[in-house]
Amino acid sequence: MDIRNQRSWMYNRLAQGRKTLTDEFINGVNIFIETAKQLPSFISDGMFRCPCSKHKNQVHLRPDDIIVDLYRRGFMPQYWYWTSHGEYEPHFHSACGPSTSSQAQAYEGMTSSGSSFASPSQDPLYSQQISALQAELEQVRKAQTDWQVQIQAQIQMQMQVQQAQHNQLLDEMRKMKDQLSEKEVATGDDASTDSE
């Protein structure tokens, strides 16, 4: 069966009245989420790429947020094969004639071993992965910049607190010095009054 027939539910989101989600879509989203939860990246950090029509696999979210996004916006166009969620798009199509499993294995062996038969620049999966990695790198850079700004703000605030404490100590020392000076003057005045 063709993948588009198997996953027609992905683009059949709203019921006739366009107000409610189809049961088929809800069940399909649940299957998608369970499939994506098997990814090593999800197991390590509890997030995976959101394939909604807005995020287009460029943003990592938690499963509950992805479900809401998919219910609200639907899947990104033409995402029949869940390549960003652990699936591989087959390279042999029925239009090219039937392929045997040995042919498919041989082709996979050629492409995965870095053979000159397969050029990464011609592979749409490769391009999609590069785009996803570039987006992820951009997110890391942004997070790093945000982190640096926060650290700088904390350092500046800490310096201001220390400066305020330093100034407060200086003021207290001046007051104590003034009080001591007043006592010395008062003691000197008492001594001169006694001698008279």
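Can you compute 3J(HN,Hα) from phi for each residue in segment 7-21, using the Karplus curve 6.51 cos²θ - 1.76 cosθ + 1.60 with θ = phi - 60°, rounded to whole Hz and x for Gly and Pro?
Taking θ as phi minus 60°, the curve returns 10, 4, 4, 4, 10, 10, 7, 9, 6, 3, x, 6, 10, 10, 7 Hz for segment 7-21.
Quote the convex hull volume per residue of segment 127-196, based on C-alpha atoms, as a whole number of Å³.
Normalising the Cα hull of segment 127-196 by residue number yields 27 Å³.
Starting from the amide H of Cys52, placed 1.01 Å from N in the peptide plane, find each other amide H under 5 Å away whose residue is 5 or more places distant or on another chain.
Residues meeting the amide H criterion: Asn57, Met76.
Would you mind checking which residues have amide H under 5 Å from Leu21's amide H? H placed 1.01 Å from N; only 5 or more apart, or other chain.
Residues meeting the amide H criterion: Ala15.
Taking 0.36 nm per intervening residue step and subtracting the Cα-Cα distance, what contour gain separates Arg174 from Asp2 on full extension?
Computed gain between Arg174 and Asp2 is 53.2 nm.
Just so you know, all these numbers are worked out from the coordinates, no wet-lab data involved. Values in this document were obtained by computation on a predicted structure and should not be read as measured data.
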